[in-house]
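Written below as structure tokens is the structure these notes are about.
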Amino acid sequence: MDGYDPATYGDRFASVYDDWYAGITDAKTCAELLADLADLDHEAGGGPVLELGIGTGRLALPLSALGVQVVGVDTSEAMLAALAAKPGAGAIETVVGDMADPPLGDRRFAVVFVAYNTLFNLVDPADQQRCFDSAAGRLVPGGSFVVEAFVPAPGQAQQSVAPRTITADRVVLSVSQTDPGRQEAMGQYLDISEAGIALRPWHIRWSTLDELDAMAVRSGLVLADRWADWDRTPFGVDSPSHVSRYTPAP
């Protein structure tokens, strides 16, 4: 997408993200699972945890509230500013940077995670591989790299225009196109009101489960668990999404 860079999504969606996406997954259950995975040593208290694409803190804040030390990386300063304005944000360390290779020196973590399709915001497959490589290199022994994403389904190229919101004072239209051959989808939300028009673009490149697992292997990781959701529901052939946990290969 011409004119689209790694910070575009966050910068354009920061003002509406909490309103539009607050309930996309169960944040409480996610936080509990991640806290459990981070608790490698009950006496030491476990942690810390690194979130890639922390955004406005939808998951980081409830995780931090459980007593877990959370570090978050995001390319969008607008997203991080929205997080910083929230109660409890002072306990979370945030860093502006590329989630494919966060500027965190040699720091290591009990858990590195990337949630709700955020990995697919890296539209170059090489960048997705870099993300796996970086995450693998930051895990302590016994640590976990956790990826949540949708399961791609076979399909044909599509274009669509559909309303997302219609009120007396505002219309939000969703315009999108999907290219299964390139494993890409992109679009715009046209947010139209008397105040003007706001454009909120997005662009993803998805990877299949086999491709994710292959990236993990190249990074020295192995698949330890795959669930259908943060409740650890068993993953099945009809599951529309997955939570995959990778650990260092023995």
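The values are calculated or read from the model by the stated rules, or taken from the named source; none is laboratory data. All figures in this text were calculated on a predicted structure; none of them were measured in a lab. Quick reminder, even Gly has a Cβ in these numbers, built from the backbone with ideal geometry, and neighbours come from all protein chains shown.
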Quiz item: If only one of A249, A214, A198, A228 is exposed (fewer than 14 other Cβ atoms within 10 Å of the Cβ) and at pLDDT 95 or above, which one is it?
Solution: A249
Exercise. Would you please name the residue that is nearest to D106 (Cα to Cα), looking only at residues in the range 141-151 that are at pLDDT 95 or above and surrounded by fewer than 17 Cβ atoms within 10 Å (Cβ to Cβ)?
Key: F150
Practice problem: Mind counting the residues in the range 193-250 that are without any contact (Cβ under 8 Å) to a residue 24 or more places away in the chain and touching a helix residue (DSSP H, G or I) at 6+ places or on another chain (Cβ under 6 Å)? | Solution: 1
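Among the helices (runs of 4 or more DSSP H) contained in the range 1-112, which hold 1 or more residues that are farther than 21 Å from R200 by Cα and in contact (Cβ under 8 Å) with a residue 24 or more places away in the chain?
Details: elements: 8-13, 17-21, 27-38, 60-65, 77-84.
In the range 1-112, the matching helices (runs of 4 or more DSSP H) lie at 27-38, 60-65.
For the range 220-250, which residues satisfy the criterion of being hydroxyl-bearing (S, T, Y) and within 16 Å of F132 (Cα to Cα)?
Initially, the range 220-250 is screened for residues hydroxyl-bearing (S, T, Y), giving 233, 239, 241, 244, 246-247.
Residues satisfying the conditions are S244, Y246, T247.
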